[in-house]
Amino acid sequence: MKTFQYAEDLGNLNQALAEAQEIKNDRFKYQQLGKNKTLMMVFFNNSLRTRLSTQKAAMNLGMNVIVLDVNAGAWKLETERGVIMDGDKSEHLLEAIPVMGCYCDLIGVRSFAGLTDREYDYAETVINQFIKYSGRPVFAMESATVHPLQAFADLITIEEHKRSSRPKVVLTWAPHPKALPQAVPNSFAEWMNAADVDLVVTHPKGYELDPRFVAGARVEYDQMKALEGAQFVYAKNWSCPGVSLPQQYGQILNKDMSWTIDAAHMAVTDNAFFMHCLPVRRGMIVTDDVIESPTSLVIPEAANREISATVVLKRMLQSL
Ligand code: AN0
Ligand code: CP
């Protein structure tokens, strides 16, 4: 595997889930595979889980790890081509990327959507430059439009907790004070469509996700109706994807607190599990009682980030 951005990069998902189980049974099984190999993790944005779980995964495989926080100690990087660099940016990504590639065997990149230029974000301009110019296998640690390590961990978590062969999974928008990317809901919808679940997506009007991710999933604008009979409730905020009105891309169109997941929302479900990728704002996305309830899976999801990352790094090491 030379790139990891989409569900299809893993091929057969049942096979990938079996590998996840194999790693879970013995997470050090492949500790010889990464000997004298180096992972470089490049962060343009903050992280807690991705940083820790991916580093732990690399250590499970016997790898060495270098972490670069671009905004804390590196030269400020220009990412757009064709500009006169007379501002505060000292180095261009087009030199920095091949230099980074000299020092490692695999590269992970976190580079969030800027949320101002839909075309630039949805072209995956930054991670695609890493793929093109680093000379190394590259995986997304949340890029502009996708967060596949999260979606894979969420799929593993659903597989471990499902009570029926084809569970009803509801992806619901929830309010948030800041504009957030669509990467998490995009990947979640994409991966659930690729897996064998009954996916329903619910959000206020104007928040329609890009069709390339939401595909044929049912969209229900009445949140309570969508949640009826759900076995998994996956909450997440996202800003306007700008599908029908590109000028609204990245904006907050709605802060309706009636969308916050509370006990009344959970009461219409089929005793559903609550899921969120974290970090989460309590009182906005979800109430304290719901996130603290025995059916909350937020910690198992985070724990499975180590598993999803170990499978992905293992696949990449095997194809070096
Ligand atoms: C980010 C997002 O919504 O994409 C990262 C989530 C994993 N969240 C925040 O910036 C709060
Ligand atoms: N879920 C997730 O990716 O968390 P971090 O932003 O803390 O890495």
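The values are calculated or read from the model by the stated rules, or taken from the named source; none is laboratory data. All figures in this text were calculated on a predicted structure; none of them were measured in a lab. Reconstructed Cβ throughout: ideal geometry from the backbone, glycine too, with neighbour counts over all protein chains shown. Keep in mind that these areas ignore ligands, DNA and RNA; they rest on the heavy atoms of the full protein, side chains included. Shrake-Rupley method; radii C 1.70, N 1.55, O 1.52, S 1.80 Å.
With respect to G108, determine if the residue is open to solvent by less than 70 Å² (accessible area, probe 1.4 Å), touching a Phe, Trp or Tyr at 6+ places or on another chain (Cβ under 6 Å) and under 28 Å from E160 (Cα atoms). Outline the logic, then answer.
Working: open to solvent by less than 70 Å² (accessible area, probe 1.4 Å): yes; touching a Phe, Trp or Tyr at 6+ places or on another chain (Cβ under 6 Å): yes; under 28 Å from E160 (Cα atoms): yes.
So G108 fits the description; yes.
Would a scan of the stretch 23-30 turn up a residue that is in contact with a Leu (Cβ under 7 Å, 6 or more places away or on another chain), closer than 21 Å to V65 by Cα and assigned by TED's automatic domain parsing to the domain that holds E142? Scanning the stretch 23-30, I find at least one residue that is in contact with a Leu (Cβ under 7 Å, 6 or more places away or on another chain), closer than 21 Å to V65 by Cα and assigned by TED's automatic domain parsing to the domain that holds E142, so the answer is yes.
Answer yes or no as to whether K132 is in a loop (DSSP other than H, G, I, E, B), of a type in the set (K, R) and more than 16 Å from ligand 2 (Cβ to nearest atom). Explain how you work it out, then say what you get.
On the way: in a loop (DSSP other than H, G, I, E, B): no; of a type in the set (K, R): yes; more than 16 Å from ligand 2 (Cβ to nearest atom): yes.
No; evaluated as a whole, the condition is false for this residue.
Of the residues screened, A264 is one that is open to solvent by 10 Å² or more (accessible area, probe 1.4 Å), touching a helix residue (DSSP H, G or I) at 6+ places or on another chain (Cβ under 9 Å) and assigned by TED's automatic domain parsing to the domain that holds Q182.
Candidates are the residues of the stretch 44-62 that are in contact (Cβ under 8 Å) with a residue 60 or more places away in the chain, away from ligand 1 (no atom under 11 Å from the Cβ) and polar (S, T, N, Q); the one that is farthest from N304 (Cα to Cα) is N60. Screening the candidates S319, S308 for the property of being within 16 Å of ligand 1 (Cβ to nearest atom), touching a residue at least 60 places away in the same chain (Cβ under 8 Å) and among the small types (G, A, S) yields one hit, S308.
Scanning the stretch 292-313 for residues that are open to solvent by 20 Å² or more (accessible area, probe 1.4 Å) and assigned to a helix (DSSP H, G or I) yields a total of 5.
Does the stretch 92-108 contain any residue that is in a loop (DSSP other than H, G, I, E, B) and closer than 25 Å to L180 by Cβ? Even if it seems obvious, please write down each step before you answer.
Pass one, the stretch 92-108, residues in a loop (DSSP other than H, G, I, E, B): 103-105.
Restricting the remaining residues to those that are closer than 25 Å to L180 by Cβ gives none.
Within the stretch 92-108, not a single residue is in a loop (DSSP other than H, G, I, E, B) and closer than 25 Å to L180 by Cβ.
Show the residue pairs meeting these rules: Cβ distance below 7 Å; 6+ apart or different chains; first residue within the stretch 276-287 and near ligand 2 (Cβ under 9 Å from one of its atoms); second residue among the charged types (D, E, K, R) and open to solvent by 30 Å² or more (accessible area, probe 1.4 Å). Note: pairs meeting the criteria are L278/R49. Annotation: of all residues in the stretch 42-93 being closer than 18 Å to A302 by Cβ and open to solvent by 70 Å² or more (accessible area, probe 1.4 Å), the one that is farthest from the chain's Cα centre (by Cα) is M59.
Can you report the number of residues in the stretch 63-79 which are without any contact (Cβ under 8 Å) to a residue 40 or more places away in the chain and more than 16 Å from ligand 2 (Cβ to nearest atom)? Show your work before the answer.
The initial filter retains those residues of the stretch 63-79 that are without any contact (Cβ under 8 Å) to a residue 40 or more places away in the chain, namely 64-78.
Now drop any that are not more than 16 Å from ligand 2 (Cβ to nearest atom), which leaves 64, 66, 73-78.
Count: 8.
L10 - would you say it is assigned by TED's automatic domain parsing to the domain that holds F130 and out of contact with any helix residue (DSSP H, G or I) (no Cβ under 8 Å at 6 or more places or on another chain)? Judged against the criteria, L10 is not a match.
Taken over the stretch 240-275, the criterion of being touching a residue at least 60 places away in the same chain (Cβ under 8 Å) and within 16 Å of ligand 2 (Cβ to nearest atom) is satisfied by M275 alone.
Among the residues of the stretch 7-41, the one identified as among the hydroxyl-bearing types (S, T, Y) and either in contact with a Lys or Arg (Cβ under 9 Å, 6 or more places away or on another chain) or buried (at least 19 other Cβ atoms within 10 Å of the Cβ) (or both) is Y30.
Of K205, K178, all but one fail to be assigned to a loop (DSSP other than H, G, I, E, B), surrounded by fewer than 15 Cβ atoms within 10 Å (Cβ to Cβ), under 20 Å from the mean Cα position of the chain (by Cα) and of a type outside the set (V, I, T); the exception is K178.
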